[in-house]
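First up is the structure itself, then whatever we jot down about it.
The values are calculated or read from the model by the stated rules, or taken from the named source; none is laboratory data. Nothing here was measured: the structure is a model prediction, and the numbers come from that model. Ideal geometry is used to build each Cβ from the backbone, glycine not excepted, and the neighbour counts take in all protein chains shown.
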Amino acid sequence: MIDAAKNNVLRHKKDLFPMDIYMVAGSQAEKRSDNRLYVMKWAEMNKTTHEDEECSDSSEEEERHREPIIRFEAIPVRGGINRVRSMHGTPIVATWSEEAEVSIWNVASAIEELDRPMPTAKQQM
C-alpha cells in the first residue's frame, strides 16, 4: 500500500526539477515478524522526456540521464499492513494491519536519517 503526497495541479506548475519526494508503504510478509513500514525518499528526480527529443546543450543532456536516488528506512511492525495514510506536511503516519489494529507512527527520525548525506566511497574507508 502506498500513500504519496498529493499536490494540486497549480502547485506542480511551479515546482522545479530535480525533485525530492517522501513516501510510505507497508509490507504483507508471510511471517508476521517480517513486516515493515517503509519510509522512502526518492531524490534527484528529473522531468521525464521522450528519448527522440533533442536537447539544446550537453548539460541538459547530462541532466536528463541522471539517475534518481532511492533510499528507505524500515520500521518493524506487527502483522501485515492493509492501509497506510500520511498526514501531509507532517511526519505522522497511520497504518491499519491485518490484526485489525490501527497504529499511529511518528516517522520523523526515519526522515532525518534519509536527509543525511550518503557517505561517499572515500568517507567509508
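Are there any pairs with C-beta distances below 6 angstrom linking a residue in region 19-36 that is of a type in the set (D, E) to a residue that is surrounded by 13 or more Cβ atoms within 10 Å (Cβ to Cβ), with the two at least 6 apart or on different chains, and if so which?
D20/A43
Scan region 28-46 for residues that are within 30 Å of F17 (Cβ to Cβ) and touching a Gly at 6+ places or on another chain (Cβ under 6 Å) and report the count.
Counting residues in region 28-46 that are within 30 Å of F17 (Cβ to Cβ) and touching a Gly at 6+ places or on another chain (Cβ under 6 Å) gives 1.
Out of the residues in region 22-55 that are modelled with pLDDT under 90 and touching a Phe, Trp or Tyr at 6+ places or on another chain (Cβ under 7 Å), which is surrounded by the fewest Cβ atoms within 10 Å (Cβ to Cβ)?
Residue satisfying both the conditions and the ranking: K47.
Which residues, counting only those in region 56-76, are in contact with a strand residue (DSSP E or B) (Cβ under 7 Å, 6 or more places away or on another chain) and either at pLDDT below 95 or not hydrophobic (A, V, I, L, M, F, W, C) (or both)?
R66, P68, I69, I70, R71, E73, P76
Going through region 92-117 one residue at a time, which ones are within 20 Å of A43 (Cβ to Cβ), surrounded by 10 or more Cβ atoms within 10 Å (Cβ to Cβ) and either of a type outside the set (A, V, I, L, M, F, W, C) or at pLDDT below 90 (or both)?
Matches in region 92-117: S109, E112, E113, D115.
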